[in-house]
1. Using a Förster distance of 41 angstrom, determine the FRET efficiency expected from the C-beta separation of residue 73 and residue 2, and round it to 0.05.
2. Roll a 1.4 angstrom probe over the protein heavy atoms and tell me the percent of accessible area of the chain that is carbon or sulfur.
3. Give me the 1.4 Å probe accessible area per residue for the chain, excluding ligands and nucleic acids, in Å².
4. Once you have a ≥ b ≥ c as the square roots of the Cα gyration tensor eigenvalues for segment 56-137, tell me rounded if a/c is under 1.5, and otherwise prolate or oblate according to whether a/b is larger than b/c.
5. Give me the Å³ per residue figure for the convex hull around the C-alpha atoms of segment 1-105.
6. Please list, or write none, the aspartates and glutamates whose alpha carbon is within less than 15 Å of the alpha carbon of residue 58, excluding same-chain residues fewer than 8 places away.
7. What is the distance, in nm, between label points placed 7 Å from the Cα along the Cα-to-Cβ direction at residue 121 and at residue 83?
8. Hey, quick one: spin label on residue 52, modelled 7 Å out along Cα-Cβ, who in segment 67-93 has an amide N within reach, i.e. under 19 Å?
Amino acid sequence: MDKFDEKILQELQRDGRLTNVELSQRVGLSPSATLRRVQELERQKVISGYKAILNHSKMGVGFIAYVSVGLSNHSKQSQLNFESQICLAKQVVECHNITGASEYLLRVETTDLSAYKRFHADILGEIAQVNSITTMVVMDTPKDDRG
């Protein structure tokens, strides 16, 4: 990967809908060279896909929380059981297996606090492997480069 590939990735992260001609102008390469590089980055899975960035409030999401979850049992089977159940919860948009005091960090998005309370009780609270739940409510997001 060279400086042109890095610039291509940077520009596509900013705007994945750029035309090849616009992208080539921004990175300083010919359209054909730019296209070859983009295709190679896709082939190598450096670029794994393109997505739309949605406006959460327009989609009805008014409450976002990060939730750390501790398990009562640290076996691989316990983790797999937890993961299979949490992957079914539409409110969970990210699930990370982490180090530290808890085993998992979840990003949970709901319409409001009442909907989160139902998720907390009816989904997280009903998973047998869950031993502890700590909720951190997002009050504002001054920076989010994920898109």
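The values are calculated or read from the model by the stated rules, or taken from the named source; none is laboratory data. What you are looking at is a predicted structure, and each value in this text was computed from that prediction instead of being measured. All Cβ positions, glycine included, derive from the backbone under ideal geometry; neighbour counts span all protein chains shown. In case anyone asks, the SASA skips ligands and DNA or RNA and just uses the protein heavy atoms, side chains included. Shrake-Rupley method; radii C 1.70, N 1.55, O 1.52, S 1.80 Å.
1. Efficiency at R0 = 41 Å is approximately 0.30.
2. The C+S portion of the solvent-accessible surface of the chain is 51 percent.
3. Value for the chain: 67 Å² per residue.
4. Here segment 56-137 falls in the prolate category.
5. 159 Å³
6. Qualifying aspartates and glutamates at Cα under 15 Å: 109, 112.
7. Distance between the two pseudo-spin positions: 3.1 nm.
8. Flagged as within label range: 93.
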